[in-house]
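The values are calculated or read from the model by the stated rules, or taken from the named source; none is laboratory data. Because the structure is a prediction, the values reported are computed rather than measured. With ideal geometry, Cβ positions are generated from the backbone for all residues, glycine too; neighbour counts draw on all protein chains shown. For accessibility, only protein heavy atoms count, side chains too; no ligands or nucleic acids. Shrake-Rupley method; radii C 1.70, N 1.55, O 1.52, S 1.80 Å.
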Amino acid sequence: MTAHPISETVASLMPRAKAELTELVAFQSVADPAVFPKSECEAAAAWVADALRAEEFQDVALLDTPDGTQSVYGFLPGPAGAPTVLLYAHYDVQPPLDESAWLSPPFELTERDGRWFGRGAADCKGGFIMHLLALRALKANGGIPVSVKVIAEGSEEQGTGGLEQYAHAHPELLAADTVVIGDTGNFRVGLPTVTSTLRGMTMLRVRLDTLEGNLHSGQFGGAAPDALAAMIQLLASLRAEDGTTTVDGLTTDAKWDGLQYPEEDFRKDAKVLDGVELISTGTVADRIWARPAVTVIGIDCPAVVGATPSVQASARAQISLRVPPGEDAAVATKLLTAHLEAHAPWGARVAVEQVGQGQPFRADVTSPAYTAMADAMRIAYPGQEMQSSGMGGSIPLCNTLAELYPEAEILLIGLSEPEAQIHAVNESVSPQELERLSVAEALFLRNYAASKAV
């Protein structure tokens with residue numbers, strides 16, 4: 001069987017793609033100046049802007065967003081009357097976590113076992129490279145048949161809403177007929193998948209105060225209210241005994257009707273230890289795509305090494321609540337806040353601070369753009385049909401775009417399949433997936449332009 005010309009072109013471009021991803025991964029672009037210098041994000045943004053200029057994009061700009069970060073924008077005009085497609089990715093990344101647990105340095109792209117390892121390789125610097133590959137392949141095979149806008153966000157992982165606020169203030173900037181969000185992933189390596197739903201998210205910090213200062217546990221322990229113990233009790237109230245999220249007033253029994261996630265596969269993908277049970281009830285798909293999920297992502301407390309025998313006067317925790325489609329993230333935030341205030345033990349003083357929020361999203365998979373993508377994926381993945389799945393994570397910009405441009409079709413694809421282990425140590429990307437999805441995106445743009453010309 002003769003390879004498609006687009007496929008052949010993308011294959012020939014893969015060495016260049018690896019070199020570019022190596023450069024991009026090297027930027028420690030964690031959008032949190034308390035963790036890494038802001039200059040790392042600024043350097044990554046400049047690299048993305050230069051890459052767009054090299055592809056002859058016009059109006060390339062570093063957008064200073066209200067949360068103090070930068071997003072990168074560029075526009076490439078297409079033929080007269082052609083539709084406009086917005087391509088999205090983000091260049092900011094999660095912190096590397098325990099760097100000693102990485103088998104290779106997190107900010108050095110390293111090939112191992114047929115994959116490329118590095119923070120952001122899949123989520124989502126690889127997504128930006130995917131867009132470049134697709135556009136280059138089209139240029140080499142007759143030209144790009146649509147007008148293209150690219151937006152590369154600088155604070156997606158932080159959930160601080162800078163780009164969403166900027167888009168609301170400049171509603172004409174990202175207007176498009178169709179949007180391709182390059183920040184999700186196939187359900188399994190080699191199985192082409194579009195993501196039809198995203199859970200939203202709210203992020204809160206809660207602080208408990210019980211004493212004016214720490215006390216000697218021998219002299220005062222047993223009667224003095226321990227803020228750390230109060231925090232443990234408060235956080236425990238957020239889950240039932242089986243691990244089900246139990247925020248007062250939040251529905252937790254929704255069902256997922258689409259593609260299912262076998263429990264055995266999930267245990268393997270999540271690397272659940274032998275003998276350890278999964279939490280909550282229902283199917284795995286119910287739990288991770290259709291229902292809310294609370295996670296305690298950080299606690300401020302004394303480290304074990306160097307700890308003193310003290311009753312703690314204050315404690316602080318950061319809590320993430322994933323909000324499923326059908327629920328409002330703002331309402332969920334109010335419910336979670338009220339729950340924390342109501343369940344703090346012993347009259348502990350409670351202070352709650354919201355640090356991030358994004359609405360859930362549901363795509364219209366019956367739209368013409370999805371038909372064009374299904375046809376493209378059929379060629380990029382011979383013998384496979386496009387599948388539709390949910391995703392437990394959130395991409396806040398999706399709802400902003402749907403609100404600003406209600407006629408626009410929004411598709412979600414990407415490189416974050418389970419083996420990528422995004423947000424964990426040893427994140428990686430499959431170069432085969434990068435190659436095939438770049439082919440799919442290029443063919444989609446061609447198919448979509450043809451469908452609009454009819």
**OP:** May I ask you to order 318-330, 268-280 by the average number of other C-beta atoms within 10 Å around their residues, highest value first?
**Re:** 318-330, 268-280
Original post:
Ignoring any ligand, DNA or RNA, what whole percent of the accessible area of the stretch 92-199 comes from carbon and sulfur when the probe is 1.4 angstrom?
Top reply: 52
**OP:** Could you bin all the Cα-Cα distances of the stretch 83-151 into 5 Å bins starting at 0 and give me the percent of pairs in each, rounded to whole numbers?
**Re:** 3, 15, 20, 19, 14, 11, 9, 5, 3, 1
Original post:
Can you flag which of 18/125; 18/268; 125/149; 149/452 are past 21 Å Cα-Cα?
Top reply: 18/268
**OP:** Would you mind classifying the stretch 113-261 by shape? Square roots of the alpha carbon gyration tensor eigenvalues, ordered a ≥ b ≥ c; an a/c under 1.5 is rounded, otherwise it is prolate if a/b is larger than b/c and oblate if not.
**Re:** prolate
Original post:
Along the charge dipole of the chain, which of 400, 346, 184 sits closest to the positive end, that is, farthest toward it, with unit charges on the beta carbon of Lys, Arg, Asp and Glu (+1, +1, -1, -1)?
Top reply: 184
Original post:
In the chain, what percentage of the DSSP-assigned beta bridges are antiparallel, given to the nearest 5?
Top reply: 70
**OP:** For residue 334, go through the lysines and keep the ones whose alpha-carbon is under 16 Å away, minus same-chain ones fewer than eight residues off.
**Re:** none
**OP:** Sort the following peptides by mean Cβ neighbour count (other Cβ atoms within 10 Å, averaged over residues), highest first: 151-164, 172-185.
**Re:** 151-164, 172-185
**OP:** Taking the Cα centre of the chain as origin, sum charge times position over the Cβ atoms of Lys and Arg (+1) and Asp and Glu (-1), and report the length of that vector in debye to the nearest 20.
**Re:** 320
Original post:
Quick one: Debye curve from the C-alpha atoms of the stretch 250-307, no solvent, what's log10 I(q)/I(0) at q = 0.22, 0.24 Å⁻¹?
Top reply: -0.94, -1.03
**OP:** Please report how far the C-alpha centroid of the stretch 99-130 lies from that of the stretch 136-153, rounded to the nearest whole angstrom.
**Re:** 25
Original post:
How much net charge surrounds residue 359 when only the other residues with a Cβ under 11 Å from the Cβ of residue 359 are counted, with Lys and Arg +1 and Asp and Glu -1?
Top reply: -2
Subject >> Accessible area of the stretch 93-217 divided out per residue, in Å², using a probe of 1.4 angstrom >> reply: 31
Subject >> For peptides 52-63, 88-99, 126-137, sequence by mean Cβ density within 10 Å, most packed first >> reply: 126-137, 88-99, 52-63
